[in-house]
Amino acid sequence: MSFLPQLIFLIILSAASFFLIKRVKFLRRNILLGKAETRNDQPDKRWKTMLLVALGQQKMFKRFIPAFLHFFVYVGFLVINLEVLEFVLDGIFGTHRLFAPFLGGAYVAAMNFFEFLAVMVLISCVIFLIRRNVVKVPRFTKPEMKGWPAMDGNLILCIEIVLMMAILKMNAADQILASRGVGHYIVVGDLFFSGLLHPIFDDMSTEFLIFIERAAWWFHIVGILAFAIYVTYSKHLHIFLAFPNTWYSNLKPKGEMSTMPAVTNEVNMMLGIPTDAPADPPAEIGRFGAKDINDLSWINVMNAYSCTECGRCTSECPANLTGKKLSPRKIMMDVRDRAEEVGKSLDAGGKGLEDGKSLLGDYITKEELNACTSCNACVEACPVNIDPLAIILEMRRYVAMEESGTPAQWNAMFQNMETSFAPWKFSPQDRFNWAEKVKEEEIPD
Amino acid sequence: MSTYKVPTMAEMAGKGESPEVLFWVGCAGSFDERYKAVTQAFVKILNKVGVSFAVLGPEEACTGDPARRAGNEFLFQMQAVANIQVMNGYNIKKVVTACPHCFNTIKNEYPALGGNYDVIHHSQFLQQLINDGKVALKGGGEFKGKKITFHDSCYLGRGNDVYEAPRDVIKALDVELVEMKRCKTKGLCCGAGGAQMFKEPEPGKKDINVERTEEALATGASTIAVGCPFCLTMMTDGVKNKEKEAEVKVYDLAEMIAKDMGI
């Protein structure tokens, strides 16, 4: 027996693991370009949110059809990975269907279930391709989806279809070989779905079938390893990041904006209110608001990497629905793309954040930021609890406080508030005039 | 017969009294010509029911919400800290307001700056009054049996998860509550939030309030009920834009209850 296949397998597995670890480190570093933020309160609620929203797909089911199809792809991914464990062990030890003798009847049942899932994944992915490319569901054809993002989505679906076909083809060839009593092939039992493929293979020679079975086996396992690496370059990272992303969800009321303590200290000093702040404030207080990714929190950047560009946010955004430039999905894609750009530059010994570019201006325009009504529709819509609004508001803070770049009408509103304590130009003395009329009215019985 | 009373905190403090609840009127409630009617309707209800309340009157200032959403955190905190000093000075414990933006800001954002109050929106307050039997609705008023749709305000609904209180108030009027296609968690914004109220919209194909008004009109409702001063303005403008102001009215919840009570 030749050990060559095992050796080749081990080399491929090691190389894949090496690249994967390198990629994970790269992504982790990019996410941590964001500012430190501690969000560990209420762990019980956090675990529960993760279980419901990520594991339980709770928010996906707000739209039933895509949720139903996605559910099969999701369960298929989780469950078929159990079979991948057998693949990897078979590859290392040079065995074939290592688990079959131990599991007996349960193995046939498991294999049939895997095949059922593989078929459902396949069907779902075909429907998803049709939705994207034939039906052209509007949220998949928005401007930010042109080019690579559309290609990325289609590639992922095609890879999944091909991988699932490989499993079915492998099982079909495998079982015909077993029924012919060839070598180490084991009769597993009736496999319903791959059994449907038997007529295609029945007339083929044993040698050719062995070739097909082996080719499908290698294609599937190498394909999965390659896909794992591909995922780290794609929008598909949500399969892993959905879990930490939902754990670190914002648990406060959605309407609440975070307070800026640095501003509080200054306001208190101006109003002569004693403050808890140290007498000597740090020599350099950072920027107010966010101009670039390092002004955002690492959770904002993780949000961006968790985004799978489904566009549910954008399809519910009132600004986007009425033709404004703002698209919450684009905000997330821009944050991720900028983090990628800075990360790559740093790795190449480049200038990183100091490259003369920034998230504001080079990626996101003021027109987009100014179109937001802060209505939280995007936050509510996101199946993995991404918060585009937090980023938009943080960037508005930079525009207002560092650039004084807010629209003229907002500047007028600021001025009114400073002088008349109302956003409109009314005299503060008139604030209580509304009561005069009602105070004269008699209360009916 | 006596007239309606609108005591201020200063007057009450002068007499050594303190009310159960502060009615936070807000800027629209104080200055907006149309929306002042909502403020008046709400104080009439408070008078009629005999709730011990007071307002800040000239001592009230903008909560700072639009400044904060427009990015001006300095201005927001200046407003907020000044308001908190006034409210803490009067030892205020409970606040009711008809404006979801004021509600959200005082409830969620003032605590970080030292202002801790029990804050409720007037829809919740009215719901309590109805549930406690303090507001006896006649149910035979001008809304009886009519189709009414409720427009969720973002800062009440998604912002603070208040969806049922306003609906309970409407249902108490013995009307047919019809929902828009996008309602509750999926409710579409009127277009005014995030300081949009104070500037022209960015370039686009359509105004958000027109989009939302079309959806409200599609329900066939004769009244669009709202619980927010900005929504009231935006939906009223939307109805005018669609030239439906003769058939379809936009009312705040407090106005509807006051009408039913005959005040």
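For the stretch A:363-377, which residues satisfy the criterion of being more than 8 Å from chain B (Cβ to nearest Cβ) and either under 16 Å from A:Leu33 (Cβ atoms) or assigned to a loop (DSSP other than H, G, I, E, B) (or both)?
If the condition is that a residue be more than 8 Å from chain B (Cβ to nearest Cβ) and either under 16 Å from A:Leu33 (Cβ atoms) or assigned to a loop (DSSP other than H, G, I, E, B) (or both), then A:Tyr363, A:Thr365 are the ones that fit.
How many residues, within the stretch A:410-445, are touching a helix residue (DSSP H, G or I) at 6+ places or on another chain (Cβ under 7 Å), surrounded by 13 or more Cβ atoms within 10 Å (Cβ to Cβ) and at the interface with chain B (Cβ under 7 Å from one of its Cβ atoms)?
16
Among the residues of the stretch B:212-253, which ones are farther than 23 Å from B:Ala28 by Cα, surrounded by fewer than 21 Cβ atoms within 10 Å (Cβ to Cβ) and touching a residue at least 12 places away in the same chain (Cβ under 8 Å)?
Those that are farther than 23 Å from B:Ala28 by Cα, surrounded by fewer than 21 Cβ atoms within 10 Å (Cβ to Cβ) and touching a residue at least 12 places away in the same chain (Cβ under 8 Å): B:Glu214, B:Glu215, B:Leu217, B:Ala218, B:Thr219, B:Gly220, B:Ser222, B:Lys242, B:Lys244, B:Glu247.
Residues to consider are B:Glu33, B:Glu17; find the one that is more than 17 Å from A:Ala422 (Cβ to Cβ) and surrounded by fewer than 24 Cβ atoms within 10 Å (Cβ to Cβ).
After ruling out the rest, the residue left standing is B:Glu17.
Could you tell me which residue of the stretch B:49-82 is nearest to the other protein chains (Cβ to nearest Cβ), considering only residues that are of a type in the set (Val, Ile, Thr) and crowded, with 24+ Cβ neighbours inside 10 Å?
B:Val55
So A:Lys344 ticks every box in (1) outside any loop (DSSP other than H, G, I, E, B); (2) away from every other protein chain (no Cβ under 12 Å); (3) surrounded by 21 or more Cβ atoms within 10 Å (Cβ to Cβ) but one. Which box is left unticked?
(3)
If I filter the stretch B:114-144 down to residues being surrounded by 19 or more Cβ atoms within 10 Å (Cβ to Cβ) and within 13 Å of chain A (Cβ to nearest Cβ), which single residue comes out as farthest from B:Val43 (Cα to Cα)?
Only one residue tops the list, namely B:Gly115.
Keeping to the stretch B:193-221, report how many residues are within 20 Å of the chain's Cα centre (by Cα) and more than 7 Å from chain A (Cβ to nearest Cβ).
The number of residues fulfilling the criteria is 5.
Which of the residues spanning the stretch B:91-105 are β-branched (Val, Ile, Thr) and within 11 Å of chain A (Cβ to nearest Cβ)?
Matches in the stretch B:91-105: B:Thr105 only.
Taking the stretch B:230-249 on its own, how many of its residues are in contact with a Ser or Thr (Cβ under 9 Å, 6 or more places away or on another chain) and within 14 Å of chain A (Cβ to nearest Cβ)?
Residues that pass the stated criteria total 6.
Please work out if A:Val399 is of a type in the set (Val, Ile, Thr), out of contact with any strand residue (DSSP E or B) (no Cβ under 9 Å at 6 or more places or on another chain), within 14 Å of another protein chain (Cβ to nearest Cβ) and not in a loop (DSSP other than H, G, I, E, B).
Judged against the criteria, A:Val399 is a match.
Read-outs throughout are calculated quantities, based only on the coordinates presented, and are distinct from any laboratory measurement. Keep in mind that what you see is a predicted model, and the values were worked out from it rather than measured. Please note: Cβ atoms are built from the backbone with ideal geometry, for glycine as well, and neighbour counts cover all protein chains shown.
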